[in-house]
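Let me begin by presenting the structure, written as structure tokens, before commenting on it.
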Amino acid sequence: MIQPEAPVATAPGLPEGLPWETADALLSAAPGASAVAVGLYRRGQRSFLVRGSTAREGGVPVEPSTRFEIGSLSKTFTALLFAEQAARGEVGHHDPVARHLPAGTCVPVRGTDITLTHLATHTSGLPRLPPGLLRSDIRRLPTNPYASFTRADVLRALARTRLRSRPGTRVRYSNFGVGLLGHALCGAAGGLPYEDLLAARVLRPLGLHDTSATADPPPDGTQVTGYGHGRSRPPFGIPGLPAAGAVRSSARDLLTVAEALIRPGDADVMGADVVGADVMGADVMGMGVPGADVMGADVPGVGAPSDFGLRHAAVTGAPPAPLRTALKDVTRPRLALPRTTSRLALIWNIRLRADGSGLYHHSGGTRGCTSFVAFSPRHDTALVALANCAPGLRSPFVQQAYDTVSDLLRTPT
């Protein structure tokens, strides 16, 4: 269980409209976690609330810089990488994926119609997982189901995949699809490994010190042990589909990304043209565990001036022009989901609110961690929530985070 002591705040008071009871409810909404970290950006102020230690035994106190597995939140980084490469002209939004895969890669029937944007909006028609993954190493399924499925396995699986729908006609959440997008982006960049390409184009330019698509933290960093069903879990491995779930990050870095996304979104992004699509599926990197990726939200923190602009300028200067373009591009709505108030951008889910604003959100889960990020450009608010326990029916962490940010957005500005 989460340690019962009071949460540690990084500034002397809670944000306006956020009582301690609300903050404590969120920090306590992850049964089985030893560590919870929450970051809030609100109207020019950023703050963090943390509780617990990186492990039940032998851990150190959690900090805003502590790394967690973020599972499917990795896809939002892949979306930024895609948009950055499109801004450079290395890829086109409507390029067929086969153009950027290794020579000789076979695609399924109708697979030549799959574009990079189909992959980034879950409309490719690909199934959630590559065929053969569940049989690749039955011993690893309870704890690390992707660990022995390689890039070569993914590309071989593509040839024998049966599309579930014609590309561009239905939304069907697919780890397979976003993982394949990552391989295409690496191919377009000359074959660089995903972790190196992401670091060069997105992570370093944004000044993200705690984030990487590798399992090991930086030399001076800390990282949680994940827990599921009362047991510690091995580090999550996904060598064949790193773009779908390999990233580790911290509350500090994820809040920095959310702040960067808020600013380009100020210009009435919800007025963009969108098209309709059917919707099927959701996600969690733990193979169908319910409770993540369907809803997302923000969390509250404590008031200290936001340092994104000053810190970023001091460390790296302004982001390169392609990345600035990408930060705008990923928030543009691409699809309207029928019979709902939901939209899809590149990876990001958008929930339209009664005031006409959009709440962008995404969540993620591995067999040992749960993550959530949400932001509202109109309300100048962003929330990050991380816990080192697996998502599930008995863990209301994501829903509590979503409810918290929704309540914050109802607070008059």
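Some points to look at:
- Look at (1) closer than 27 Å to residue 214 by Cα; (2) at pLDDT 90 or above and you find that residue 2 fails only one, number (2).
- Filtered by the rule that a residue be closer than 13 Å to residue 36 by Cβ and touching a Gly at 6+ places or on another chain (Cβ under 6 Å), the stretch 366-394 gives 369, 371, 372, 384, 388, 389.
- Residue list for the stretch 351-361, restricted to those being closer than 23 Å to residue 81 by Cβ and either assigned to a loop (DSSP other than H, G, I, E, B) or among the small types (Gly, Ala, Ser) (or both): 358
- Residue within the stretch 327-345 that is touching a Ser or Thr at 6+ places or on another chain (Cβ under 7 Å), under 17 Å from residue 122 (Cα atoms) and buried (at least 24 other Cβ atoms within 10 Å of the Cβ) present: yes
- Per this entry, residue 77 is counted among residues that are among the aromatic types (Phe, Trp, Tyr) and under 16 Å from residue 180 (Cα atoms).
- Pick from the stretch 20-74, criterion buried (at least 24 other Cβ atoms within 10 Å of the Cβ) and charged (D, E, K, R), ranking: nearest to residue 203 (Cα to Cα): 67
- Residues in the stretch 129-160 that are open to solvent by 40 Å² or more (accessible area, probe 1.4 Å) and among the β-branched types (Val, Ile, Thr) were compared, and the one that is modelled with the highest pLDDT is 150.
- Taken over the stretch 362-413, the criterion of being without any contact (Cβ under 8 Å) to a residue 40 or more places away in the chain and in a helix (DSSP H, G or I) is satisfied by 410 alone.
- Qualifying residue in the stretch 161-183 (condition: open to solvent by less than 30 Å² (accessible area, probe 1.4 Å), in a loop (DSSP other than H, G, I, E, B) and β-branched (Val, Ile, Thr)): yes
- Among the residues of the stretch 93-101, at least one is under 21 Å from residue 331 (Cβ atoms), modelled with pLDDT of 95 or more and loosely packed, with under 15 Cβ neighbours inside 10 Å.
- Among residues of the stretch 320-348 that are over 23 Å from residue 364 (Cβ atoms), those with a beta-carbon under 6 Å from a residue that is open to solvent by 40 Å² or more (accessible area, probe 1.4 Å) and outside any strand (DSSP E or B) at least six positions away or on a different chain give the pairs 322/87; 322/88; 325/87; 336/274.
- Selection from the stretch 352-361 of residues that are touching a residue at least 12 places away in the same chain (Cβ under 8 Å) and either within 27 Å of residue 168 (Cβ to Cβ) or open to solvent by 10 Å² or more (accessible area, probe 1.4 Å) (or both): 352, 353, 355, 356, 358, 359, 360, 361
- Looking across the stretch 179-210, the residues that are in contact with a helix residue (DSSP H, G or I) (Cβ under 6 Å, 6 or more places away or on another chain) and free of Cβ contacts under 8 Å to residues at least 24 places away in the same chain come down to 186, 192.
- Counted residues, the stretch 48-69 - those being basic (Lys, Arg) and outside any loop (DSSP other than H, G, I, E, B): 2
- Complete set of residues in the stretch 95-131 that are among the hydroxyl-bearing types (Ser, Thr, Tyr), under 20 Å from the mean Cα position of the chain (by Cα) and in a loop (DSSP other than H, G, I, E, B): 121, 123, 124
- Some residue of the stretch 387-394 being open to solvent by 30 Å² or more (accessible area, probe 1.4 Å) and at pLDDT below 90: yes
- The number of residues in the stretch 327-350 being assigned to a strand (DSSP E or B), in contact with a helix residue (DSSP H, G or I) (Cβ under 9 Å, 6 or more places away or on another chain) and of a type outside the set (A, V, I, L, M) comes to 1.
The values are calculated or read from the model by the stated rules, or taken from the named source; none is laboratory data. Please read all numbers here as calculations on a predicted model, not as lab measurements. Using ideal geometry, Cβ is built from the backbone for each residue, glycine included, and neighbour counts are taken over all protein chains shown. In case anyone asks, the SASA skips ligands and DNA or RNA and just uses the protein heavy atoms, side chains included. Shrake-Rupley method; radii C 1.70, N 1.55, O 1.52, S 1.80 Å.
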